[in-house]
Amino acid sequence: MSNKKEVNVRINSFFNFQIGIIVSLLFTYLMFEMYATVPVIPSETASYTREEPSTEWNSIAFKVYKEPEPTKNLIKRAISIDPQKFKVIDDIDVVSTMEKEFINDPATTQPLTSAMLPDEPDNEPESFPFIRVEAVPVFPGCETLLSNEERASCFSEKIGKIIFRKFDTSIGEKYGLKGLQRIYTQFEVGKDGVVKNVQIRAPHPKLEKEARRIIKLLPKMTPGRQRGMPVSVNYQIPIVFKVQM
């Protein structure tokens, strides 16, 4: 029994100690609240001011609104005409005067002829570039093609085949030329379809002579057309080959 009493005494003293700590903390908190809080007493002499936000007008011009004035109703007034002021005219007199006024006089001027018209200035060039003419010259064998693009491609292909087959490339080796050789050729397909005005530029006179010979082998063609009329057309083609040593 003595051991149980000692245990109860120890437990009671522990709880009493905790309760004492809690009570002392509450007392300390209440004392801080009472003495640390400063009451605010309103004063009769205190003045309160209210700051108004600053407003800048920036010299904005204001217009006073005015009510629109009512539109005045316009009154149409009929003009009164005295019927007694008109003169009655007989219908026969009116018809006779109309016949006199509307008589068609025979024309005294001569009819307009083409000789009287001023001559239009001819601003068309004498020769058109191959890529700008409306209808390119037609090489023999390309007549069945319908579009201008197809005929232009056929024209270049036919000339290229003639140059490839007929040009004598051994001239370069014969005259000691080496490497890649370029010959610039230009000719004109006239209004009659005949090749003329051949111009050649080559690195050697013998190559120039050979290129001129090949261009003269081209047959007569159907001439190119501009606005339905036959025109001369310029064509350029380079001849390029390599001399094999």
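The values are calculated or read from the model by the stated rules, or taken from the named source; none is laboratory data. Worth saying up front: this structure is predicted, and the values here are computed from it rather than measured. Using ideal geometry, Cβ is built from the backbone for each residue, glycine included, and neighbour counts are taken over all protein chains shown. Note: areas computed on protein heavy atoms with side chains; ligands, DNA, RNA excluded. Shrake-Rupley method; radii C 1.70, N 1.55, O 1.52, S 1.80 Å.
Total residues in segment 137-183 satisfying the condition of being among the hydroxyl-bearing types (Ser, Thr, Tyr) and assigned to a loop (DSSP other than H, G, I, E, B): the figure is 4.
Could we say that residue 171 is surrounded by 15 or more Cβ atoms within 10 Å (Cβ to Cβ) and more than 45 Å from the chain's Cα centre (by Cα) here? Spelling it out, residue 171 is indeed surrounded by 15 or more Cβ atoms within 10 Å (Cβ to Cβ) and more than 45 Å from the chain's Cα centre (by Cα).
Criterion first (among the charged types (D, E, K, R) and modelled with pLDDT under 90) does residue 161 satisfy it? Judged against the criteria, residue 161 is not a match. Filter segment 202-219 for residues that are within 48 Å of the chain's Cα centre (by Cα), outside any helix (DSSP H, G or I) and closer than 14 Å to residue 169 by Cα and give the result. The answer is 202, 203. In this structure, residue 236 does not qualify as surrounded by 14 or more Cβ atoms within 10 Å (Cβ to Cβ), touching a residue at least 24 places away in the same chain (Cβ under 8 Å) and not in a loop (DSSP other than H, G, I, E, B).
With the condition kept exactly as written, say whether any residue in segment 142-164 is of a type in the set (Ser, Thr, Tyr), under 15 Å from residue 242 (Cβ atoms) and open to solvent by 60 Å² or more (accessible area, probe 1.4 Å). Within segment 142-164, none of the residues are of a type in the set (Ser, Thr, Tyr), under 15 Å from residue 242 (Cβ atoms) and open to solvent by 60 Å² or more (accessible area, probe 1.4 Å). Of all residues in segment 220-233, those being of a type in the set (D, E, K, R) and part of a strand (DSSP E or B) number 1. Among the residues of segment 209-233, those that are buried (at least 16 other Cβ atoms within 10 Å of the Cβ) and either closer than 17 Å to residue 166 by Cα or among the hydrophobic types (A, V, I, L, M, F, W, C) (or both) comprise 210, 211, 212, 214, 215, 218, 221, 231, 233.
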